[in-house]
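Report on the structure given below.
The values are calculated or read from the model by the stated rules, or taken from the named source; none is laboratory data. Treat the numbers as computed from the prediction; the structure is a model and nothing was measured. Please note: Cβ atoms are built from the backbone with ideal geometry, for glycine as well, and neighbour counts cover all protein chains shown. Keep in mind that these areas ignore ligands, DNA and RNA; they rest on the heavy atoms of the full protein, side chains included. Shrake-Rupley method; radii C 1.70, N 1.55, O 1.52, S 1.80 Å.
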Amino acid sequence: MMRGRPGALLATALAGILAVGLLSFVLEPYGVYLLSLWAVYTVAAIGLNLTLGYAGQISLAQATFVGVGAYATALLMPHGWPFGATLALAGGLCFGLGLLFGFPALRVQGHYLAFVTLALTTLAFLVMRNEAWLTGGVQGIAHIARPVPFTSGRAFLMLCLLVLTLVTVATWWLLRSPWGRAFIALRENPIRAASLGVDVRGYTLLSFAIGAALGGVCGSLYAPLVQYVEPSPFALALSLSLLLMVVVGGSGSFLGPYVGALVAVLLPEWLRFMQDYYLVVYAMVVMLLLAVCPDGLVGLAGRMLDRQRRGHPAEPADGGKA
Amino acid sequence: MTPAGPTPGTPVLEARDLHRSFGGVRAVNGISFSVAPGEILGVIGPNGSGKSTLFNCLLGQLPPSAGQVLLDGEDVTGMTPAALNRRGVSRTFQLLQVFPQLSVRENLILAGQEHVGSRLGRLFGRPDAGLTAAAERMLHLFRLEALADLLAGGLSYGQQKLLDAAMAFMAGPRLVLLDEPAGGVNLTLLGAFRERLRAMNQEAGSTFVVIEHNMDFVMSLCTRVICIAEGQIIADGSPQAVRENPQVIEAYLGH
Amino acid sequence: MSRSRPGPSPYALALPALALAAIGLATTAPKAMAQDLQIAIPAELTGSGASVGVLWRDGAEMAIDELNAKGGILGHKLTYTVYDTQTNPSVSRAVIQKALDGHPYAVLGPVYSGSVMVDEPLTQKAGITEIMGGVADNLTAAGDPTIFRTTAAQSQVLMPAVIYMKDTLHAKRVAMIWVNDDYGIGGHKAMQADLKKAGLQLVVDDSAEAGQISFAPDILKIRAAHPDAIFVYLHEEENARLMKGLKQQGIKSPIMGGTVTDQQTIKLAGGAAEGALSIGGMDISAPVPAVAAFHKRFLARFHVEPDHNALQAYMAVWMIKAGTEKMGKADAKGLAAALHGMTITPDKQPGILFPMHILANGDIDNGSLLTTVKGGQQVVLKVIPPAQ
Amino acid sequence: MFWLLAQLLVAGLAIGAIYALIAIGFSLLWQGAQTVNFAQGDFVSLPAFAILGFTALGLPLWLAIPAALAVAVLVLGLLFKRVLVQPMLHHGVLQLAIATMALSIFLENVLKDTGGAEAYPFPGLTGGFNLGALFLDWQSLTVLAVTVVTVSALNAFLSRTRTGRAMQATAQNPSVARLLGIDVERMIMLTFVINAVLVTLAAVLISPVYLVKFDNGGQIGLTAFSAAIVGGFNQVRGAVVGGLLLGVVETFAATYGPDQYRTAVPMVLLILFVLFRPHGLLGRREERRV
């Protein structure tokens, strides 16, 4: 279900998270904040990777689920809800919304699902902006307190990394389980999958809802990280940027979202010296990347590793006839 | 997963006056037949005679315009392919239908996993759904051991064909519908393949329905053969009898 | 493909190491030389706020260069770093953190209120003065002692407009159209209350979207209501789209609004802006020779027309100078306290182009202007002096 | 009240006609080259900026428009096809769609960095005449007339000429078209060129009303996108009907509905159509892959 050895993939992801945690001790608050942003977006990208990369369903609604999670957390924490409870609720709420919206939307598949979810994101933005009695409208919800004892920048990063670790292990487990196998089966050949007893609609819906739930978890971390919630970050642009993260990292690869989110968060930083032109360069880099390695950076790295291994004379070049 | 066993003598599969038309074309035009437990029924007929449409109607891929499909005496018309499969009906495909990004072993485990336990149980249970042993056995039976860890997409055509068939048997089906299993398989592999199918039929007591163009294959494998032409059954009997039926010869030649 | 699996290769180890090094490199903030005063300029350089943020940055840049040419502040040179908020609050929070890591002397920007909302708690915590370009009322309402505006808040200029419509235009029935974003919603709220207070009737209360393509529905709603005056609270492009349509449909009711007499609106609307009226804070349209000179210098340097954002950022730099000179030393943490209650006049600070009074909450009172459009030019009808 | 309804209808049709032009290009690209072009809105901005650029260089408008058309055909037709679509196409529809999203970011920022972040006025027709209480403006009438002529010409080209029929055959089944001896590559290229012409026309028609700004494409693209789907993603006539319908419904909804939700209208229509009539008003059912 996972290209490469599953254990090694999990170990790599966890080692990366640990390295980020250690790195934060030599960074200034800005670096720590960026790493937190990386961890938070990675959670949403992992969710989208389940939906898109594994189950093959193009969803542009991930921003909405991030928004729902963020608003749920921002609204409930002042009422004394502990962070853990808001996190669980955000995840559960988005899982439920995923089922609710997914059920009719998955009557259609492929690019039509992309259209419906695109429309959904646009509508959700309007609701967040217009229903000020609930969301605070454009003025948003400010001064969101971080949960004790994770109030400092570094402590909150640790919380983000903790959640990311849990999500990583859970996703790893899911993908190794028969569910992960079923997701891939319905991405690759839904008709054959059905003939093998795979409940195509059920699993598609689940992949969409689990992806949505991780969007909610992301939002639930986003609100106390930024400490301010308003509608514009949850517009279509976020869905597109999460989509870019998944595809640039490597759609359907376990490590893809981690790498993709890193690129999305850091590339603008690297390109900052370009000043006004950096988005131009950023877009060009993305297009080039898509053209040169459609299986993303992780796929590219994998191919480089393969090539290097083949160079070793001691090892069999190929296990069998290709 | 099969519901309470059928009463003896009930056919495993029965088609009652099946019809299916596309626009004005009657692809299946009143077909009735039944398959007894343990039988290997061959379905032959010239191209465009309605064999594939019949298969698709039997398997829930296409809803029939009229008529009924009964499984163990129970009406299953209009049931989804997945639901039918969970009731013990599996199939192979005329065109290659394996999952190229999964390894051979993973393909086999996938073919069996939806028949084991509950869906939630599978999430929290063992990653292989307890099917590794069964998969190994199937790998052995179909001589795929050496390829077990390769991605199915990297296999040769014949190997994929074997895998496709092996997948159909993973869940211990009561009824298997094979759509041109011999197509594109080379002669050396073909004999072994036929033996495998025969062994599966005897060991597991599975019932087969086989669409096939390769007459030698059909004649040597099947216990009974029906011939379809223009959406209707024109002959039904032993392989020998059908082969010598003038109507059948006419249908093939006249085409 | 999953085949042979040897241990991790040197490549496999090099990749994460490279990634970590890259993170470290990318996340270090610029540090100023000890005696220089570092000014951080977070602005909306990309995204929907780009047209505003770019001018803000240019105005600040120009002021800093001019100030340095005249010897800086108390002998200190000013250096500056520009940060792009991408008009996105989460990025805004990131860049303000980066700016604060470099221990800036003061922060100039951003302009969009969402971005201000996220970084204001951080500058407050650091005790660093933040002079921003937002006009929403709530930005200075939280009691943050380090936040300042450079121009009047929305509600400060709306009541005079209502009074003008009532007393001078003799309007009883007013149609209002406002843009559905933080600017327009803030104005809409204040306007609703002010109209009620003045006893005027709101006959059309219509919201438009930023970037809205067709204004036909809005125009026809207004046409059907026959209002005595139309209050337009949109951005420049939407002003132009609306006013062209109003003119075409032959609607003659006087138009009053927020930015309807701005140079940009006039340029976009062509003749349709003729006769429009606006009461706004003292800014680029002020009938002051110094402002005209600024306008000329700006145009010569950037080849772009300056707007009120450019002027505000320009003046903000000189506010820093005035506050620092009042303290007598460059003390970043003392700057905010020094600025509160200050009245700055052009004779002492030539870069402050017209007198400004800084209120206790960081709001500015520098009077307002009644302007109209005549012969394709913005013309000042009346200068309303500061309350002080 | 009758004049109001008629006035709204005219306004809705005028804006819908422009949506239609953009939506046709959208559909053609999807049909002809499996390209879901998320940068279609920005494709309208580029020729608009080009026209302004050429007039700033001193060219009269009647020369600036064909010059901009040449630029559009070159950049949005040939270059887009050769440099982005061709190498990406075999990677899959998704990868290509995401690449066009990146292209949208690219175009908007190039326009901003070269043309500036502010909006620009664009020459158009002013004035009009009264028909009873109904006011008809020249600009809207021109938009409607140009659209009718363009769509008729395009339809005639596609159904009457050899090349047009070859294009349709290519869109329906490239491999069969190849067997029939059609130069499939050339037909696909022609699709991109036609799209470039259509967006240039749309730019000339919409800019006097909508003005020219680097990020105007987002809203235009999204609405035209909905129009293409509502009309049937795989039909020219469908895109026309979809565009007009959307323009009219949007205009009436903004007048009589809650105006805070006016941009919801195209999206709600889109969702309803995808769920209940996925092949659109006039589209054909797409064949399901087996």
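Before moving on, here are some points about what is shown:
- Average accessible surface area per residue within chain B, 1.4 Å rolling probe, Å²: 41
- Chain C: Rg to Rh, with Rh as the Kirkwood radius over Cα pairs: 1.05
- Ranked from largest, the principal axis spans of the Cα set of the stretch B:109-255 equal 59, 32, 26 Å.
- Eigen-decomposition of the gyration tensor built on the alpha-carbon atoms of the protein assembly as shown gives equivalent ellipsoid semi-axes of 63, 37, 26 angstrom, largest listed first.
- Each chain gives up part of its surface: A and C jointly bury about 4100 Å² of accessible area, both sides summed, for a 1.4 Å probe.
- A convex hull fitted to the Cα coordinates of the stretch B:164-247 yields 105 cubic angstrom per residue.
- Each peptide among C:364-370, C:50-56 gets the average number of other Cβ atoms lying within 10 Å of its residues, and from highest to lowest they stand as C:50-56, C:364-370.
- Charge sum, other residues only, whose C-beta stays under 9 Å from residue B:86's C-beta, Lys/Arg counted +1 and Asp/Glu -1: -1
- Cut-off under 5 Å, modelled amide H: who pairs with residue C:79 long-range: C:37, C:38, C:39
- One Cα centroid belongs to the stretch A:246-308, the other to the stretch B:60-95; the line between them spans 46 Å.
- Mean-square fluctuations from a GNM of chain B, with a 10 angstrom spring cutoff on Cα atoms, peak among B:27, B:235, B:83 at B:83.
- On Cα atoms only, tilt of C:10-26 relative to the major axis of chain C in degrees: 50
- Once Rg and the Kirkwood radius are both taken over the C-alpha atoms of the stretch A:50-98, their ratio Rg/Rh works out to 1.08.
- Overall dimensions of the stretch B:66-190 as given by Cα atoms, namely Rg and Dmax in Å: 15.3, 47
- Entry note, chain D: the mean residue ellipticity at 222 nm calculated from DSSP H runs of n ≥ 4, each adding -39500 (n - 2.57), is -23500 deg cm²/dmol after division by the residues and rounding to the nearest 500.
- Folded to 0 to 90 degrees: helix C:289-302 orientation relative to chain C principal axis, Cα: 50
- Among beta bridges that DSSP assigns inside chain B, antiparallel share in %, nearest 5: 55
- If both residues of a DSSP beta bridge must be in the protein assembly as shown, then about 50% of such bridges are antiparallel.
- Solvent-accessible area buried by D and C, counting both chains, probe 1.4 angstrom, square angstrom: 2800
- Divided by 2.2 N^0.38 Å, where N counts the residues, the Cα radius of gyration of the stretch A:110-219 comes to 1.45.
- Charge tally in the Cβ shell below 13 Å around residue D:170, where Lys, Arg are +1 and Asp, Glu are -1, residue D:170 excluded: +2
- The stretch C:233-269 versus the stretch D:229-272: alpha-carbon centroid distance in Å: 27
- Three semi-axes of the equivalent ellipsoid, chain A, Cα gyration tensor, whole Å, largest first: 31, 25, 19
- Percent accessible area from carbon and sulfur atoms, the protein assembly as shown, protein chains only, probe 1.4 Å: 63
- Other-chain or far-sequence residues with amide H under 5 Å of residue B:13's (modelled H): B:35, B:72
- Solvent accessible area, Å² - residue D:261, 1.4 Å probe, full protein context: 60
- As an equivalent ellipsoid, the stretch D:139-268 spans semi-axes of 32, 16, 14 angstrom, where each value is the square root of five times an eigenvalue of the C-alpha gyration tensor, largest first.
- Under a Gaussian network description of chain D, with springs only between Cα atoms under 10 Å, the residue in D:97, D:224, D:264 that fluctuates furthest is D:264.
- Remark: accessible surface ordering of D:62, A:179 (largest first) is D:62, A:179, probe radius 1.4 Å.
- Between the amide H of residue C:384 and those of C:368, C:369, C:370, distances stay under 5 Å, these residues lying 5 or more places away or on another chain, with hydrogens modeled in the peptide plane.
- Exercise: per-residue mean of other protein chain Cβ atoms within 10 Å, A:234-243: 3
- Using a probe of 1.4 Å, the accessible surface attributed to residue A:230 totals some 20 Å² when neighbouring protein chains are kept in position.
- In order along the stretch B:215-225, the phi-based Karplus estimate (6.51 cos²θ - 1.76 cosθ + 1.60, θ = phi - 60°) of 3J(HN,Hα) comes to 4, 4, 4, 4, 5, 7, 9, 7, 8, 8, 9 Hz; Gly and Pro are listed as x.
- Accessible area that becomes buried as B packs against A, both chains, 1.4 Å probe, Å², nearest 100: 2800
- Springs between Cα atoms under 10 Å define the GNM used for chain C, and in it the highest mean-square fluctuation of C:132, C:165, C:327 occurs at C:327.
- Rounded to whole Å, the principal axis extents of the Cα atoms in the stretch D:35-91 read 44, 18, 13, largest first.
- Average accessible area per residue (Å²) across the stretch C:162-298 - probe 1.4 Å, nucleic acids and ligands excluded: 34
- For the stretch A:120-126, Karplus couplings with θ = phi - 60° (6.51, -1.76, 1.60), whole Hz, Gly/Pro x: 4, 5, 5, 5, 4, 4, 4
- Chain B, helix-only ellipticity at 222 nm - DSSP H runs n ≥ 4, -39,500 (n - 2.57), divided by all residues, nearest 500: -10500 deg cm²/dmol
- Surface exposure of the stretch D:142-290, expressed per residue as accessible area with a 1.4 Å probe, stands at 42 Å².
- The stretch C:135-159 and the stretch D:142-183 have Cα centres lying 59 Å from one another.
- Phi to ³J(HN,Hα) by Karplus 6.51 cos²θ - 1.76 cosθ + 1.60 over the stretch D:25-35, Hz, x for Gly, Pro: x, 3, 5, 4, 5, 5, 4, x, 9, 6, 9
- Span-like helix ranges in chain B, DSSP H, alpha carbon extent 18 angstrom or more, Kyte mean at least 0.0: B:157-169
- Taking only the C-alpha atoms of the stretch C:154-281, the Rg (one decimal) and the largest Cα-Cα distance, Dmax (whole number), read 12.9, 35 Å.
- Taking all Cα pairs closer than 8 Å and separated by 6 or more residues, the relative contact order of chain C comes to 16 percent.
- Working from Cα pairs under 8 Å separated by at least six residues, relative contact order for chain A is 32 percent.
- P(r) tail fraction, chain B - alpha-carbon pairs more than 28 Å apart, %: 34
- Annotation: average projected area of the stretch B:188-233 is 3.7 square nanometres, based on the convex hull of Cα atoms across all directions.
- Using a cutoff of 8 angstrom between alpha carbon atoms and counting only pairs six or more residues apart, the relative contact order for the stretch B:99-170 works out to 52 percent.
- Residue-averaged 222 nm ellipticity for chain C, from DSSP H runs of 4+ at -39500 (n - 2.57), nearest 500: -13500 deg cm²/dmol
- Accessible area ranking (1.4 Å probe, heavy atoms, ligands and nucleic acids excluded), largest first, for D:276, A:125, D:233, D:49: D:276, A:125, D:49, D:233.
- Compactness of chain D, expressed as Rg and Dmax over alpha-carbon positions, Å: 18.9, 59
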